[in-house]
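Participant: Here it is: the structure, laid out below.
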Amino acid sequence: MDQDFTRTTLGKTGIPVHRLGLSATYRPGKETIYRALDADVNCFFAFGIDTQMIGVLREVMRSNREKYVVATGAYNLLVGYPNLRRTLEKRLRQFRTDYLDVFLLLGVTKEKHFPERAREELYRFREEGKVRSVGMSTHNRKFAGKLAAKGALDVIMMRYNAAHRGAEQDIFPYLDQHNLGVVSYTATRWTYLLRRPKTWPKDGRIPTAGMCYRFVLSNPHVDVCMTAPSNLKHFDENLKDIQKGPLDAEDMEFMRKFGDAVHHTKKWFM
């Protein structure tokens, strides 16, 4: 196994991370979260309503807090300006911790949703020691690339998978100068990459979930790829597969072709 494939540092934050991160959005059960901990997965993303994740992290963070990387954030309200301070304080109380490792403005769709005012407020949280790093989650690749080029963030959370590879042109070329951390999600494109598109040959190969995660993590610009399994079995399969290391050239080409076929079906996606 390629040890470097499963471990890295989250950009300029200096935070060591397992490259497979865990979200409990689909309520996989506390057993799954404990299994991740036993496997030395240390990067966890949680919304304020993720009671399974919050409950487990509250327990394990009573000791060795520094072992766990907790990422969360405040929701973009689309209309109006969110109360970032109130959300931060609420998350600190929910996790029963003095600081968060990554704090994001979530769901930024337009530049006006993440003004300089918001960035300055996030910087203050970092200066106060209440967060270790700040950033945003977004589908707006052009805006993310612009902020990356300026070094305005510590971390960018964004969509990247075999069907949506626009980040390779719009974001990744601008990361190195300021060494931004990258957390990706939707490796399976909400499972569409696990299904046969109408245009795909009936006897043609179909990717596994593990291949989707390995495709994402084969890109060295991605530090962490989030997985959101719905049960323990799915988590175990994903973890086992990424331990195989990066995809070879043939499998990478297959994933790109399959991803193009999925993308061209033009189905609705989040």
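The values are calculated or read from the model by the stated rules, or taken from the named source; none is laboratory data. Model, not experiment: these values are computed from the prediction. Cβ sites come from the backbone with ideal geometry, for glycine too, and all protein chains shown count toward neighbours.
Participant: Could you check region 219-270 and list, in sequence order, the residues that are surrounded by 18 or more Cβ atoms within 10 Å (Cβ to Cβ), assigned to a loop (DSSP other than H, G, I, E, B) and either at pLDDT below 95 or in contact with a Pro (Cβ under 6 Å, 6 or more places away or on another chain) (or both)?
Facilitator: Matches in region 219-270: 229 only.
Participant: Can you report the number of residues in region 136-190 which are more than 25 Å from residue 126 (Cβ to Cβ), of a type in the set (S, T, N, Q) and more than 11 Å from the chain's Cα centre (by Cα)?
Facilitator: 3
Participant: Would you please list the contacts, defined by Cβ atoms under 9 Å and residues six or more apart or on different chains, that run from a residue in region 9-22 that is on the phi > 0 side of the Ramachandran plot to a residue that is surrounded by fewer than 20 Cβ atoms within 10 Å (Cβ to Cβ)?
Facilitator: Listed pairs, sorted by first residue: 11/178; 11/179.
Participant: Okay, moving on. Quick one: count up the residues across region 70-89 that are out of contact with any helix residue (DSSP H, G or I) (no Cβ under 6 Å at 6 or more places or on another chain) and more than 13 Å from residue 131 (Cα to Cα).
Facilitator: So the answer is 9.
Participant: Could you please find all residues in region 30-76 being of a type in the set (Gly, Ala, Ser) and in a strand (DSSP E or B)? Steps first, answer last, please.
Facilitator: Going through region 30-76, the residues of a type in the set (Gly, Ala, Ser) turn out to be 36, 39, 46, 48, 55, 63, 71, 73-74.
Correct list: 71, 73, 74.
Participant: Does any residue of region 237-249 turn out to be of a type in the set (Val, Ile, Thr), touching a His at 6+ places or on another chain (Cβ under 9 Å) and under 27 Å from residue 175 (Cα atoms)?
Facilitator: To start, the set of residues in region 237-249 that are of a type in the set (Val, Ile, Thr) comprises 242.
Narrowing the set further to residues that are touching a His at 6+ places or on another chain (Cβ under 9 Å) leaves none.
No, every residue in region 237-249 fails to be of a type in the set (Val, Ile, Thr), touching a His at 6+ places or on another chain (Cβ under 9 Å) and under 27 Å from residue 175 (Cα atoms).
Participant: Count, please, the residues in region 226-253 that happen to be small (Gly, Ala, Ser) and closer than 11 Å to residue 214 by Cβ.
Facilitator: The total comes to 1.
Participant: Can we say residue 62 is within 30 Å of residue 29 (Cβ to Cβ) and not hydrophobic (A, V, I, L, M, F, W, C)?
Facilitator: Here the answer is yes, as residue 62 does meet what is asked.
Participant: Right, something else. Restricting to region 102-117, name every residue that is aromatic (Phe, Trp, Tyr) and more than 14 Å from residue 143 (Cα to Cα).
Facilitator: Passing the criteria: only 103.
Participant: Working carefully through the options 75, 68, find the one that is aromatic (Phe, Trp, Tyr), surrounded by fewer than 16 Cβ atoms within 10 Å (Cβ to Cβ), free of Cβ contacts under 8 Å to residues at least 40 places away in the same chain and closer than 24 Å to residue 125 by Cα.
Facilitator: 75
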